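Peer 1: Quick one: the structure is below, questions incoming.
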Amino acid sequence: MKVLLIKDVKSLGKAGEIKEVKEGYGNNFLIGKGFAKAATPDVLRQYEAEQKRKAEELKYEIANIEKLKSEIEKITLKVKKPLGANGALFGAVTKDEISEALEKNHHLVVDKKAFDFAHTIKVTGIYEVDVKLGHAVRATLKLDVEGE
């Protein structure tokens, strides 16, 4: 009996592979537990169509991320913070503030968890902030921190 694996099966193979198995093992265990489907032409056609759809969605998502990356890299984002007595910022610039300023000033929505800086920003100046956009795509945002 031929089966199409839906999930990885430790001793048999990975999801998406077609395997020849004994009838009892295929019907009672693999199909019964939801690890596989019988490899009929309809099932194989549906699986291939689903894989194509997923590939198209991934391609579309990566294209959107690349577009966002190019928009982020064109920007120099200005953030104003109050200054303390010694000329340093009163508090550090947070990821939340960067995310809000990016959305408010440039209408770009980026999750605050995507921003990654090596150390806290407590002094005025220009910084480069690494932005992880997903699918191994990273952008560099120029951040201009000013005192008020």
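The values are calculated or read from the model by the stated rules, or taken from the named source; none is laboratory data. Because the structure is predicted, anything quoted here is derived from the model rather than measured. Neighbour counts run over all protein chains shown; Cβ positions are idealised from the backbone, glycine included. SASA here: full protein model, heavy atoms, side chains in, ligands and nucleic acids out. Shrake-Rupley method; radii C 1.70, N 1.55, O 1.52, S 1.80 Å.
Peer 1: I'm a student and want to see the number: the projected area of the Cα convex hull of the stretch 78-148, averaged over all directions, in nm².
Peer 2: 4.7 nm²
Peer 1: Let me ask something additional. As a test of the formula, what do you get for the chain when each DSSP H run with n ≥ 4 contributes -39,500 (n - 2.57) and the sum is divided by the residue count, at 222 nm and rounded to the nearest 500 deg cm²/dmol?
Peer 2: -11000 deg cm²/dmol
Peer 1: Also: Per the Cauchy relation, a quarter of the hull surface: what is the mean projected area of the convex hull of the alpha carbons in the chain, in nm²?
Peer 2: 12.5 nm²
Peer 1: For the stretch 87-117, which GluC sites (Glu not before Pro) pass both filters: DSSP loop (anything but H, G, I, E, B) and at most 10 other C-beta atoms within 10 Å?
Peer 2: Answer in residue order: no site qualifies.
Peer 1: Right, here's the next one. Mind ranking S11, S99, S70 by accessible surface for me, highest first, 1.4 Å probe?
Peer 2: S11, S70, S99
Peer 1: Helix 41-74 against the longest principal axis of the chain: what's the angle in degrees, Cα atoms only, rounded to the nearest 10?
Peer 2: So the helix axis and the longest Cα principal axis differ by about 10 degrees.
Peer 1: Taking 30 Å as R0, compute the FRET efficiency from the Cβ-Cβ separation of A92 and E66 and round it to 0.05.
Peer 2: Once rounded, the FRET efficiency stands at 0.45.
Peer 1: Name the trypsin sites (Lys or Arg not before Pro) in the stretch 16-52 that are in a loop by DSSP and that have at most 11 other C-beta atoms within 10 Å, would you?
Peer 2: Answer by residue number: K22, K33.
Peer 1: Any chance you could give the angle, 0 to 90 degrees and rounded to 10, that helix 95-106 forms with the longest Cα principal axis of the chain?
Peer 2: Orientation of helix 95-106: about 80 degrees from the principal axis.
Peer 1: What does the charge dipole of the stretch 1-144 about its Cα centre add up to, to the nearest 20 debye, if the Cβ of each Lys and Arg holds +1 and the Cβ of each Asp and Glu holds -1?
Peer 2: Roughly 240 debye for the stretch 1-144.
Peer 1: Could you tell me how far the Cα centroid of the stretch 97-131 sits from the Cα centroid of the stretch 15-34, in Å?
Peer 2: Answer, in whole Å: 50.
Peer 1: Here are some pairs, K33/K54; K2/K52; K52/K104; K81/K112; which of them have Cα atoms lying more than 27 Å apart in this structure?
Peer 2: Beyond 27 Å between Cα atoms: K52/K104.
Peer 1: Given Cα pairs under 8 Å that are at least 6 residues apart, what percent is the relative contact order of the chain?
Peer 2: In percent, rounded to a whole number, it is 20.
Peer 1: Roughly to the nearest percent, how much of the accessible area of the chain is carbon and sulfur, given a 1.4 Å probe?
Peer 2: Carbon and sulfur: 52 percent of the exposed surface of the chain.
Peer 1: Might you tell me the accessible area per residue for the stretch 19-148, computed with a 1.4 Å probe and given in Å²?
Peer 2: Solvent-accessible surface per residue comes out at 67 Å².
Peer 1: May I pose another question? Please give the FRET efficiency for E73 paired with E103, using the beta carbon to beta carbon distance and R0 = 22 Å, rounded to the nearest 0.05.
Peer 2: Result of the calculation: an efficiency of 0.80.
Peer 1: Also, quick follow-up: Quick one: compute the contact order of the stretch 71-147, relative version, from alpha carbon pairs under 8 angstrom and 6+ residues apart, as a percent.
Peer 2: The normalised contact order for the stretch 71-147 reaches 39 percent.
Peer 1: Under unit Cβ charges (Lys, Arg +1; Asp, Glu -1), what dipole magnitude, rounded to 20 debye, does the stretch 89-148 have relative to its Cα centre?
Peer 2: Computed charge dipole of the stretch 89-148: roughly 240 debye.
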